[in-house]
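Take a look at the structure below.
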Amino acid sequence: MAEQTGNSTLDFQNIKPSLVEEFVSGAKKGFYVGVELVAPAMVLAYVLVAFLEITGLMTIIGKMVGPVMAVFGLPGEAVVALVAAFFAKAAGCATAASLYSKGVITDVQATILFPACITMGTLIGHFVRIVIVSNVNKKWHSLLLCVPVVDAIVVMFMTRAVLSFMGLSK
């Protein structure tokens, strides 16, 4: 859309937004991410932890996977954060924060969990959106699901090693 003004023509489609307009646009997007994506994941995490505690399943889960999680320096209950992260990164991190606030895990243990939640976070959603939609050969599906889990295991070992090197274990 162009408008004639004297000898020159103004082209309104090529006018770049101002710095303020860019900031407002970014703030709106950030607000959307917080309200539409992060907040529901955090609510899911707190509800999950509360449900598991009320029903007594947290204790049962903790005893069942305790020996496996001990390899990473974590109590068995910490697996709940990893399961939540499987569905959403924010849910995994919020679950770890909830476990920390309830005294189930320490700050060092939360630090070990955080990179694992980020590394394998939202695995199910990404798998469906990317792998299934793009028709990746089915023979690769199990490998594509396992790689982020293996990455999470490696990053938990690495984080524990770094924290131990820094003298921050347990």
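The values are calculated or read from the model by the stated rules, or taken from the named source; none is laboratory data. Model, not experiment: these values are computed from the prediction. Note that each Cβ is placed from the backbone with ideal geometry, even for glycine, and that neighbours are counted across all protein chains shown.
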Index of the failed condition, VAL162 passing every other in (1) touching a residue at least 12 places away in the same chain (Cβ under 8 Å); (2) over 24 Å from LEU44 (Cα atoms): (1)
Enumeration of residues in the range 40-67 that are among the small types (Gly, Ala, Ser), more than 12 Å from VAL104 (Cα to Cα) and part of a helix (DSSP H, G or I): ALA41, ALA45, ALA50, GLY66
Whichever residue in the range 113-170 is among the basic types (Lys, Arg) and modelled with pLDDT of 85 or more and, among such residues, is nearest to the chain's Cα centre (by Cα): ARG160
Residue in the range 31-39 that is at pLDDT 85 or above, of a type in the set (A, V, I, L, M) and part of a helix (DSSP H, G or I) present: no
Where ALA27 falls short, out of the listed (1) outside any helix (DSSP H, G or I); (2) farther than 26 Å from CYS146 by Cα; (3) of a type in the set (A, V, I, L, M, F, W, C): (1)
Pairs, first over 14 Å from ALA116 (Cβ atoms) in the range 57-74, second of a type in the set (Lys, Arg) and in a helix (DSSP H, G or I), C-beta under 6 Å, six or more apart: none
Positions within the range 124-145 being of a type in the set (S, T, N, Q) and touching a residue at least 12 places away in the same chain (Cβ under 8 Å), in sequence order: none
